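To keep things clear, I will list the structure first and then write my remarks on it.
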Amino acid sequence: MTKQVFRSFASVLAVSASLFATQVWAKSDITIAMQLEPPHLDPTSAAAQAIDSVVYTNIFEGLTRFMGDGSVVPGLAESWEISDDGKVYTFKLHDGVTFHDGNTMDAEDVKFSLDRARSEDSANAQKALFDGIESVEVVDPLTVKVTLSEPNGNFLFNLAWGDAVIVASESIENIKTNPVGTGAFTFGEWVQGDSITLNRNPDYWGDQPALETATFKFISDPTAAFAAMMAEDIDVFDNFPAPENLPQFEADPRFQVLVGSTEGETILSTNNKMPPFDDIMVRQALAHAIDRQAIIDGAMFGYGTPIGTHFAPHNPAYVDLTGNSSYDPKKAAKLLADAGYADGFDTTLHLPPPSYARRGGEIVAAQLAEVGIQAEIINVEWAQWLETVFKGKDFGLTIVSHTEPMDIGIYARPDYYFQYDSTDFQALMDTLNSTTDPEERTRLMGEAQRLISSDYVNGYLFQLAKLGVAKAGVQGLWTNAPTAAIDLTQISWSE
Amino acid sequence: MSRNLILGACLSSLVLLAALVSFVWTPYDYAALNIPEKLQPPNAEHLFGTDHFGRDMFSMIMVGARTSIAVALVAVGIGMALGVPLGLAAAARKGSWLDEVIMRGNDLVFAFPSLVIAILITAVFGAGAINAIIAIGIFNIPVFARITRGAALSLWEREFILAARVSGKGAARISVEHILPNVANLLIVQGTIQFSLGILAEAGLSYVGLGAQPPTPSWGRMLADAQTMVSFAPHLALIPGLAIIITVLGLNLLGDGLRDWLDPRIRVARA
């Protein structure tokens, strides 16, 4: 009896000692909040950004990867050689990489992943990334040879996407609920509607991360987000949904605010096939009727950079074309009159939930009303937006942020929801894809930007800012978002 | 007249006046954005300040009163127009299958939480003022049907109804000529209460984004929009909130006062 009491007393002591110990050393766990919960955890079969935010570089890795500054660096591929004609890429893989289930990652897995992504029945959301691949050959367990049908200057960039991560045939079946990758973190637990926990992978092939566990919490309501942050229930909010609250975080020494840029071109998408928007004069009138700065100030409280084309301003190849669609309501009214709509017309404006769309939409509708265009605001949830607007193409106007990196290529897809069908642009994209010379690529990208700007395909509003909020002691967070990702491997707590 | 009645009438007419005046005059255009002037606290130029788009809050509250009153009024109208005849019919045919069908139908509607069904209706048929009116209106039907039936049943036992029957009037004619005038005061009182509930329901639906759509101002949506800004622009939430409170309080006081005033028993007791 006495012995037993003593023993339990000792264990209590031990526990409190270990509690004490973790307080003395740097914190090794973190709670990161994001607005949307991922539908599942397979980045290779869905477009949902929330999936990449959780798994990219944490659970799954690709042959190459993005860094926080947007550069592409080696990932699972240690090095590569490109043949002189630019068509054959020979990748040398890292030795000793294992999946979380203990299986070795080798050339067979790379072949499996790439073949799966580009197959006929592939559910990959970005199949175009793999279009040019002719064959994938296993040379030896650590060497893979990828042959392209034509040279593709973007190939290494394409492989860095979350959609191109390496998965294993052994664990593919349950990837959506139990993702098994090669990354520095293993999947822990998913409490649906609340959080996902990841744990450090002790067998990771690279440097061990500072964090032991990370919890992703899903908070969609901006008011709840503000309350949770203020109460210090969460350590980081990846992209804070209410820009109006940022000055309060900035003024509070407990927090740091990281204002960066995303790849999100926020645009007033226009149904190019639906009259009257099939008339370029009407689209031009639309572009001149919109005051971008008012939208940035009113909807985003000043956070955001005006854009005049579908391209990220932080990209070196960006061309500032905002002057091409400057705010000029008189010109807009005149263009409308010339197009035969002197009295304006009625249309619809579908607005998904984020505040950039809901608030921006109210401002856009008011600005359009000034030139006689009556846009009926229809607030929709994301599921409804995907159904009616994205798939059904049953809309006049909508506001949405296109957050994929370097996605100007969507304008070459005539069946894409805004239905821009220009053979000139499609030819230009073909040339761009087969060009490897960096200077020539920059020139072609500039030309592409000018073409969609002068065709007034969509109303180009602003580049969405990334508004990160974190406790003061958190280090290593990405300020910008070159792709949807929360790279846990770099994060640590300062003392 | 009681103090309640006077206070209630004053508050209610204040709101009604604001709504009526807004048709011909508001200090500013309620939909005009003026982003450089956003988030001003109440001041001499903008009596209630400006919202996050620089719109004049005073004008928005005035036009919002219009939205609230229109939705609640039509919803109560639907409830009365359908509920009262149903109640009269049920009372006239007491105990028959018609009575059973009507009253069990009422129970069915009553059994569902009204706001949840309202959300369902607006979610299925789309958000908007019209669908909000229908959703709120449906839940007013059984309220009026029950009140009417209850009051009418006791009237059917009275001698003057017997006299009317003896003189050869049919059930329908008796209901309209003799029963209806005698339940009218009850209906007016209940109508006032339902009206205030309708305003609350409209604000609730707008708050979750299912009521009147922008740019039409609505008190509930103004509250929802203000949510993230409460900490630095409290007037954005306080003013529409107070508008709702004043309206609902006014209508409830008015309903209470009217009941006291119209109820003969209480009037006799007072005398």
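Bear in mind that the values in this text are calculations on the coordinates, not laboratory data. In this text the structure is predicted, and so the values were computed from the model without any measurement. Don't worry about glycine lacking a Cβ; one is built from the backbone with ideal geometry, like all the others, and counts go over all protein chains shown.
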Quiz item: Can you list the HN-Hα couplings for the range B:185-199, worked out from phi with the Karplus curve (6.51, -1.76, 1.60; θ = phi - 60°), rounded to whole Hz and with x for Gly and Pro?
Solution: 4, 4, 5, 5, 4, 5, x, 5, 5, 5, 4, 5, 5, x, 5
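Can you give the FRET efficiency for B:L115 and A:S494, using 1/(1 + (r/R0)^6), R0 = 45 Å, r = Cβ-Cβ distance, to the nearest 0.05?
Details: r = 48 Å, r/R0 = 1.08.
So, using R0 = 45 Å, E works out to roughly 0.40.
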Self-check item: Peptide A:382-390 - average C-beta neighbours from other chains (10 Å radius)
Solution: 0
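Which semi-axes, in whole Å and largest first, does the equivalent ellipsoid of chain A have when worked out from the alpha carbon gyration tensor as the square roots of 5 times its eigenvalues? Numbers along the way, then the final one.
On the way: eigenvalues 356, 191, 66 Å².
Rounded to whole Å, the semi-axes are 42, 31, 18.
Give the peptides B:89-101, A:454-466, A:271-283 in descending order of average Cβ contacts within 10 Å, highest first. Write down the numbers at each step before the final one.
Details: B:89-101: 15.3, A:454-466: 23.3, A:271-283: 17.8.
By packing density, highest mean first, the sequence is A:454-466, A:271-283, B:89-101.
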Practice problem: Starting from the Cα of A:W205, step 7 Å toward the Cβ, then list every residue of the range A:149-170 with an amide N under 20 Å from that point. | Solution: A:156-170
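Using a 10 Å cut-off on Cβ atoms, rank the peptides A:310-323, A:393-406, B:207-220 from the highest mean neighbour count down. It would help to have the intermediate numbers written out before the result.
Details: A:310-323: 17.1, A:393-406: 20.4, B:207-220: 22.6.
In decreasing order of mean packing, A:310-323, A:393-406, B:207-220 become B:207-220, A:393-406, A:310-323.
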Exercise. Using a 10 Å cut-off on Cβ to Cβ distances, tally the other chain neighbours for every residue of B:225-232 and report the average as a whole number.
Key: 5
Exercise. Using only Cα atoms, locate the centre of the range A:400-451 and the centre of the range A:201-227, then give the distance between them in Å, rounded to an integer.
Key: 35
Quiz item: What distance in nm separates the simple spin-label points at A:Y416 and A:S79, each placed 7 Å from Cα in the Cβ direction?
Solution: 3.7
Quiz item: Amide H to amide H, which residues 5 or more places from A:G188 or on other chains are under 5 Å from it, using H placed in the peptide plane?
Solution: A:T197, A:L198, A:N199
Quiz item: So for B:L86, B:L16, fewest C-beta neighbours within 10 Å to most, what's the order?
Solution: B:L16, B:L86
Exercise. In whole Hz, with x marking every Gly and Pro, tabulate ³J(HN,Hα) for the range B:216-232 from phi via Karplus 6.51 cos²θ - 1.76 cosθ + 1.60, θ = phi - 60°.
Key: 4, x, 8, 4, x, 6, 4, 4, 4, 5, 7, 3, 6, 10, 4, 5, 10
Quiz item: How crowded by other chains is A:294-303, given as the mean number of beta carbons from other chains within 10 Å of each beta carbon?
Solution: 3
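If packing is taken as the mean number of other Cβ atoms within 10 Å per residue, what is the order of A:263-270, A:436-443, A:369-376, highest first? Present the calculation step by step, with values, prior to reporting the outcome.
Working: A:263-270: 24.4, A:436-443: 13.2, A:369-376: 18.4.
Put in order of decreasing packing, that is A:263-270, A:369-376, A:436-443.
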Self-check item: Cross-link reach list, lysines versus A:K334, counting only Cα pairs under 29 Å and skipping chain neighbours closer than eight places
Solution: A:K273, A:K393
Practice problem: May I ask for the net charge around B:D56, where only other residues with Cβ less than 13 Å from the Cβ of B:D56 are counted and Lys, Arg are +1 while Asp, Glu are -1? | Solution: -2
Quiz item: Sequence-distant or interchain residues sharing an amide H contact under 5 Å with A:G264, placed H: which?
Solution: A:L464
Quiz item: Residue by residue, what Karplus-based ³J(HN,Hα) values in Hz, rounded to whole numbers, does the range B:250-260 have, using 6.51, -1.76 and 1.60 with θ = phi - 60° and x for Gly and Pro?
Solution: x, 5, 5, 4, 4, x, 4, x, 4, 5, 4
Quiz prompt | Cα lying deepest toward the dipole's positive end in the protein assembly as shown, options A:M429, A:F462, B:A72, charges on Cβ | solution = B:A72
Exercise. Take every DSSP beta bridge whose two residues both sit in chain A, then give the antiparallel share in percent to the nearest 5.
Key: 75
Practice problem: Within the set of other residues whose C-beta is less than 11 Å from the C-beta of A:I290, count the net charge using Lys and Arg as +1 and Asp and Glu as -1. | Solution: -2
Quiz item: Which FRET efficiency value, to the nearest 0.05, is calculated for A:E134 and A:E439 with the Förster distance at 25 angstrom and r the Cβ-Cβ distance?
Solution: 0.40
Self-check item: Residues with amide H under 5 Å from that of A:W478, placed H, sequence gap 5 or more
Solution: A:D487
Self-check item: Candidate lysines - alpha carbon under 19 Å from A:K145, same-chain residues fewer than 8 apart omitted
Solution: A:K87, A:K92, A:K111
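What is the percent of Cα-Cα separations in the range A:202-262 that go past 17 Å?
Details: 883 of 1830 pairs.
Value for the range A:202-262 (Cα pairs over 17 Å): 48 percent.
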Practice problem: Hey, could you grab the Kirkwood Rh for chain B? Inverse mean 1/r over distinct alpha carbon pairs, Å, one decimal. | Solution: 20.4
